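Okay, so here's the structure we're looking at.
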Amino acid sequence: MLLEPYRVLDCTGQLGWLAGRILADIGADVIKIEPPGASLDAPDWRANNANKRLLSLELDSDAGRAAFLKLAAFADFLLETAPPGSARARLFDPDKLREANPKLIHVSITPFGRTGPRAQWQASDIELMAAGGAMSLAGEPDGMPLRVTAPQSNPWAASQAAVGAMVALTGRAATGRGQHVDVSAQAAIVASIAHAPASWDLIGVNPLRAGAFMTGRSVHGAVYRVFWPCQDGYLNFIIYGGIAGRRTNQALAAWMDEAGADLGVLVDFDWAKFDSTQATQDEVDAMEAPIGEFFMSITKAEFLQGAFEREMLGYPVNNVADIAHDPQLEARGFWADLAAPGGGTERHCGGPAVVDGQRLSIERPVPGPGQHSREVLAEFGFGAAEIDALIDDNVVADQ
Amino acid sequence: MTAMGQALKGLKVIEVGGYAAGPWIGKVLANYGATVIHIEARDRPDGFRLQYPPYKDGKKGINRSGCFSYFNDSKYAVTIDVKKPGGLKLARRLSDWADVLVENMRAGVIDRIGLGYQELKKTNPGLIFLSTCNMGQTGPRAATGGFGSQLSALAGFCGLTGEAGGSPQLLYGPYIDFVAALVGTPLILAALDRRRRTGEGSHIDVAQYECGAFFLAGLFYDYHANGKIVERNANVDPVAAPHNAYPCKDEEWIAASCWNDGEFKRLAEAAGHPQWAKDKRFKDPGGRRENAAALDELIGRWTAGQTADALVDTLQGAGVGAYKVNTCADLFTDPQLTHRKTWRVRKHPEIDYQAHYFPGFDLSEQPGDVTAPAPLLAQDNQLVFREFLGLSEEEYLELEENGVF
């Protein structure tokens, strides 16, 4: 594995789960800490906590906090999402923890960062996607700002946390010292909107919701359709200009011709002369009409395969089922079938990359409540009697 | 910069490719101290230099693109034409010097140029070589080239954005490129960690399509385990209600949500309508979800006449999650982002002042920075080839005459 089994204490809530999953997938020994009795059934929990071990430990007790401090003294990383100002955040005090363990890399993942005027503001996914600028750019221009229906603030924050953790590890290799990594979900999400902020910064144009059409390409204000209904859903296809666009447009016209579709104005169309920046809306509409009709006659899967074979730009708008059955992912061994509770297997995302020809492997199925409590505590130097006492006092839960 | 220097000081990175997915990795590494060299060819510069606005004063120019500069601050830039005599050898020499190579061309292209991993590792066995492309280096559709904005549709994100039953929606820019960059960067640093222990290099094959799945991992689990297909549903949440964007004065919006009865009661009181919490349609989460349209209308009427800033202050003061829907302009005045110094303004020779994004994580001891504006095309040829690689003046002039630069 890439990472030696560095030990990671993962005390995160949903904002940070993926960070530990990424570290686990590249070889770290990630110990997820949950309170005894926590429900571990939610799909999001299971998906993001595969490949970790589980210690059921009650941090809302003196004995639990004492046990945690002992663990933190021997860990390489701590990942946590304690709300700034909370009692939990005081337990995860970066200075005190590193005083006890100078090598500790302590990663705090919070909505707005640990400090600042709004550090203690309350926010879930929708507020964070608003705060990071992403919602202002999604939705119909005359409709409301939208978030992606599946929460994205969690993976944006957690993936930047994983980068931060590894940057700090690289630093530690040189200095021998750990440090505190303070992740802001809001600031992390700003990365998702590409260079949109530069438009305001440099030319004073504030980009707004783009809807389902491409705007700003034609000097005559013509808009180009991006999402096209097809037989079983939608396709993403754009009449681009330039060389790449021309190749795609010609290939599509040839495909339509082969299929016996009505080409409309695209019969003998001179693509070499077509300039997408000079087209009027009437011209664009006339070109798009036969394309729209042709797309209504094909399926998403037919478009995916046809566009690939003809080296065209464009993809179908997939849903999770389409992706789950994509032969490309199957061929690359992307999915991992892990042992499920009660026998059988359950399917998860596999390792996030292929390294030296091998898919990064998932070493551990999703852990069950208390599954690794005893072994983890023993590895961190707790004696058998000490562990029994913690279990008797309901501070630690066993399997 | 502290006395300890930066975390990635001494790490030597070269980039081949362009646009967003590869350069974003290099930018983040550069912000924490790595020496990152962006390689282009004069007749094939990075596509972001000339293909997308904004340009300084709206005038197109090879060194005027705010799009290119946004993704390439803190780096060096060189030009190499590998087809000219000595060009390929020079590129090889640069890869021998590097610890890390990041490339984001179509699968197979870098091998055809003569800079594939198998070739480069012969002379630099410790090289960490990361390839990122749409589909990955293998599989039946490996050769697919494409834009991240469209791949975001294939990977599920566009389909999950929009009204239920309406059209999918665009996300701004190549969303998935940044997803893949963030998933790929820890792999590079983990490979470096292994190299410190074993001396081994690595080839890391990152498929952007697969990285996207990590951002939707719970949905895939739910589909595989329960057959459930989650589709776009505007701003609806399966638990919270209200949970939406609400219009304010001056075409501003806020996002707000209530996750339990207590939060809803506080929202109702803060809005001056405590009776909402007693309305039998809204008395529990199920009722609020079922009657969300009616509830959203009531809330929208309350928010419509007020500024977003006043509303979020009121709601946060009442212990209810709320935030202004920040536009790009708002991001530059947001008090929290300002506190974190998310924007670092640097002066560029042709663009003048530009605000650069600093990543979403701060390191306490080795904090990193935007160390320089983006480089001009070929700006660092002398520095990199003469000083970093140690080419003699003679060698350099010969390559120059051959048209390599």
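Values quoted throughout were computed directly from the atomic coordinates according to the rules given, and no laboratory measurement underlies them. Every value quoted in this text rests on a predicted model; they were computed, and no experiment measured them. Here the Cβ is made from the backbone with ideal geometry for all residues, glycine too, and neighbour counts use every protein chain on show.
For this structure, a couple of remarks:
- From the Kirkwood radius over Cα pairs of segment B:243-331, Stokes-Einstein at 4 °C and 1.567 mPa s returns a whole-number translational diffusion coefficient of 100 µm²/s.
- Segment A:300-375-segment A:1-74 distance, computed between alpha-carbon centres (Å): 23
- Per residue, the convex hull volume that the Cα atoms of segment A:237-282 enclose (Å³): 83
- Per-residue average of Cβ from other chains inside 10 Å of B:238-246: 3
- A:V317 sits among other residues whose Cβ lies under 15 Å from its own Cβ, and their net charge, with Lys and Arg +1 and Asp and Glu -1, is -3.
- For chain B, averaging the sequence separation of C-alpha pairs within contact (under 8 Å, six or more residues apart) and dividing by the residue count gives a relative contact order of 21 percent.
- Cβ crowding within 10 Å averaged over residues, with B:13-23, A:140-150, B:391-401, A:212-222 ranked highest first: B:13-23, A:140-150, A:212-222, B:391-401
- Computed log₁₀ I(q)/I(0) - Debye formula, equal Cα scatterers, no solvent, chain A, q 0.09 Å⁻¹: -0.69
- Estimated distance in nm for a label pair at B:V239 and B:K347, the labels positioned 7 Å out from Cα along Cα-to-Cβ: 5.1
- Shielding by other protein chains, A:19-27, mean Cβ within 10 Å: 3
- For the protein assembly as shown, the ratio of Cα radius of gyration to the globular rule of thumb 2.2 N^0.38 Å stands at 0.94.
- For the peptide A:43-56, the mean number of other protein chain Cβ atoms found within 10 angstrom of a residue's Cβ is 3.
- Legend: calculated FRET efficiency, B:D279 to A:M296, from the Cβ-Cβ distance at R0 = 35 Å, rounded to 0.05, equals 0.20.
- Other-chain or far-sequence residues with amide H under 5 Å of B:I128's (modelled H): B:V100, B:L101, B:S202
- Percentage of interatomic Cα-Cα distances in segment A:213-317 larger than 15 Å: 60
- Taking segment B:149-211 and dividing mean pair separation by its residue count, relative contact order in percent (alpha carbons under 8 Å, at least six apart): 34
- Relative contact order, percent, segment B:243-331 [alpha-carbon distance under 8 Å, six or more residues apart]: 42
- The residue among A:L266, A:G343, A:V183 whose Cα reaches farthest toward the positive pole of the charge dipole of chain A, with charges on the beta-carbon of Lys, Arg, Asp and Glu, is A:V183.
- When you work out D = kT/(6 pi eta Rh) for chain B at 10 °C and 1.306 mPa s, using the Kirkwood radius from C-alpha pairs as Rh and the Stokes-Einstein form, the result is 66 µm²/s.
- Radius of gyration, Dmax [segment B:1-158; alpha carbons; angstrom]: 16.4, 51
- Gyration tensor (alpha-carbon) shape descriptor, segment A:335-382, a/c threshold 1.5: oblate
- Spacing of the two label points (7 Å from each Cα toward its C-beta) at B:W97 and A:H325, in nm: 5.2
- For a paramagnetic label modelled on A:F274 (point 7 Å from Cα along Cα→Cβ), amide N atoms under 11 Å away belong, within segment A:222-254, to A:238-242, A:245-254.
- Debye, to nearest 20: dipole size of segment A:213-317, +1 on Lys, Arg Cβ, -1 on Asp, Glu Cβ: 420
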